[in-house]
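The values are calculated or read from the model by the stated rules, or taken from the named source; none is laboratory data. Note that the coordinates shown come from a computational prediction; the quantities given were computed from them, not determined experimentally. We place every Cβ from the backbone using ideal geometry, glycine too, and count neighbours over all the protein chains shown. In case anyone asks, the SASA skips ligands and DNA or RNA and just uses the protein heavy atoms, side chains included. Shrake-Rupley method; radii C 1.70, N 1.55, O 1.52, S 1.80 Å.
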Amino acid sequence: MNLKIGSIQNMYKSLIFIFVSITSCYGQTQDSSAHSLLDAYDLMHKILKKQTSDTSSAEVFKQSLTMVPGFGYSQLKGLALVLEGNFSFKASEDAKVSVIVFVPEITFKKYFVPRVTSSIWLNHNQININTDWRFYRYVGIDFGIGSKTPSTNFNHYNFDYYRIHQTISKAVLPDFLIGVGYNLDIHNRISSIGKVNALNSDGLQVSQSTVSSGLVLNLLYDNRQNENFPVGKETFASVSLIQNLKLFNGTSRYESVLGDFRKYYSNQTFPSNVLAIRSFNWFTIGQKIPYFDLPAAMNDQYNSISRPFIEGRFRGKNLIYMEAEYRFNITKNEFFGGAFFLNSSSFSELTSNKFEKINTGAGASPRIKVNKKSKVYLVASYGIGSKGAKGFSFSLGDLY
């Protein structure tokens, strides 16, 4: 069947209804302004019997570095040593919080996957610099094209992946910016692992080295004061137009359009409990698009779309994605909380290029406040999805 716009709207309304209903189930959390806040650093000081900072509300924030070493796991990469860092700062008193996230990761399967992402606000919020840099010595998995591909038939590939995405935007109205940038995606030394199974992706240049080299025009609206912890009435909206050219050794000429819309809701009684709604849509135009640069599960800037599916579980020329997550506090000092999420995605099919099937995912996350100054949470999510999918993800900060 062809996925109609009306079906998408009904699905979106259902997500809002479900998560608004959850709000009443967790209404016992009180406003933190009347209670002393607690984070992981305070808890460690208490254990070591050292003095903690007394804050009934977060003190004046200038900069903060949060680092969490530990183990990570994914079905694709296996067990990994992870050091996740979050450096948050304000360039001036009236500036929004800038965030730099860096994640060096080494897996027990000898994969090396460091990445750096950032959103930096300068010149009294007049300039935004957005960065996504990564170098992966990695394994990719290919199930084929579309949302109907079976989970039992796939191929593995080794490759090196270099990503340099850089955009700088200038404010033309309050919270509204126009930007330009450059995207470079290189997949090199692609080689199959083991027996190669027949998939509908055969003949799509899966095993060739590719370079996507694109100029970016970006429209951005962002009134969030701190992306580590967006609150009610805040909005993020971004539209990027990417023209990939055969410049700087680019191997293909094609266009991409990405739209990312996020809206946050809360109420006056429980302002720190937040309902986050996200719509992420990605469309490509062209014939010879590098295979591993196509829209795919977990292939956005924050590796967050289509959880709990593994990276590359679904892939297609076009993607429609929606997610809702309800985040709430359990303890009055905001040290411990939780979240529920529900998402749906549809990737276009190979032959029809239509959206013919919706896959869903749902799960829950414990949340521990690691840094009360920058409002950074440690989030560990476990979810289940269509076709028996299940997976675990770990992040320092919310995924969107």
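So that you can scan it fast, the table gives a plain yes or no per residue for (1) of a type in the set (Gly, Ala, Ser); (2) touching a residue at least 40 places away in the same chain (Cβ under 8 Å):
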residue: Arg189; (1), (2): no, no
residue: Gly214; (1), (2): yes, yes
residue: Leu220; (1), (2): no, yes
residue: Phe229; (1), (2): no, yes
residue: Thr235; (1), (2): no, no
residue: Ile242; (1), (2): no, yes
residue: Ser256; (1), (2): yes, yes
| task | Filter the range 223-244 down to residues that are surrounded by fewer than 20 Cβ atoms within 10 Å (Cβ to Cβ) and charged (D, E, K, R) and give me whichever is farthest from Ser256 (Cα to Cα). | result | Lys233
| Identity of the residue in the range 218-242, among the small types (Gly, Ala, Ser) and in a strand (DSSP E or B), that ends up farthest from Thr167 (Cα to Cα) | Ala237
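Table: residues versus (1) over 22 Å from Asn153 (Cβ atoms); (2) hydroxyl-bearing (Ser, Thr, Tyr); (3) at pLDDT below 95.
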{"residue": "Thr167", "(1), (2), (3)": "yes, yes, no"}
{"residue": "Phe176", "(1), (2), (3)": "yes, no, no"}
{"residue": "Asn188", "(1), (2), (3)": "yes, no, yes"}
{"residue": "Ser191", "(1), (2), (3)": "no, yes, yes"}
| request: Of all residues in the range 318-350, count the ones that are open to solvent by 10 Å² or more (accessible area, probe 1.4 Å) and without any contact (Cβ under 8 Å) to a residue 40 or more places away in the chain. | output: 2
| query | Picking from Ile120, Ile106, which residue would you name as being modelled with pLDDT under 95, surrounded by fewer than 19 Cβ atoms within 10 Å (Cβ to Cβ) and closer than 24 Å to Asn86 by Cα? | reply | Ile106
| field | Ser365 being buried (at least 22 other Cβ atoms within 10 Å of the Cβ) and either on the phi < 0 side of the Ramachandran plot or among the hydroxyl-bearing types (Ser, Thr, Tyr) (or both) | value | yes
| note | Across the range 333-354, the tally of residues that are farther than 22 Å from Ile368 by Cβ and either in a loop (DSSP other than H, G, I, E, B) or more than 16 Å from the chain's Cα centre (by Cα) (or both) stands at 9
| said: Criterion first (buried (at least 20 other Cβ atoms within 10 Å of the Cβ) and at pLDDT 95 or above) does Arg307 satisfy it? | reply: no
| query | Looking only at the range 148-196, which residues are under 30 Å from Asn226 (Cα atoms) and not in a strand (DSSP E or B)? | reply | Pro174, Asp175
| task | Go through the range 157-177 residue by residue and tally those that are out of contact with any Phe, Trp or Tyr (no Cβ under 6 Å at 6 or more places or on another chain), over 16 Å from Ser119 (Cβ atoms), surrounded by fewer than 16 Cβ atoms within 10 Å (Cβ to Cβ) and not acidic (Asp, Glu). | result | 4
| Some residue of the range 372-382 being without any contact (Cβ under 8 Å) to a residue 24 or more places away in the chain, touching a Pro at 6+ places or on another chain (Cβ under 7 Å) and within 24 Å of Asn226 (Cα to Cα) | yes
| What number of residues within the range 249-281 satisfy the criterion of being farther than 23 Å from Phe328 by Cβ, surrounded by fewer than 19 Cβ atoms within 10 Å (Cβ to Cβ) and touching a Phe, Trp or Tyr at 6+ places or on another chain (Cβ under 9 Å)? | 4
| Does any residue of the range 210-222 turn out to be open to solvent by less than 50 Å² (accessible area, probe 1.4 Å), at pLDDT 95 or above and under 30 Å from Lys369 (Cα atoms)? | yes
| request: Determine whether Asn153 is at negative phi, of a type in the set (S, T, N, Q) and surrounded by fewer than 21 Cβ atoms within 10 Å (Cβ to Cβ). | output: yes
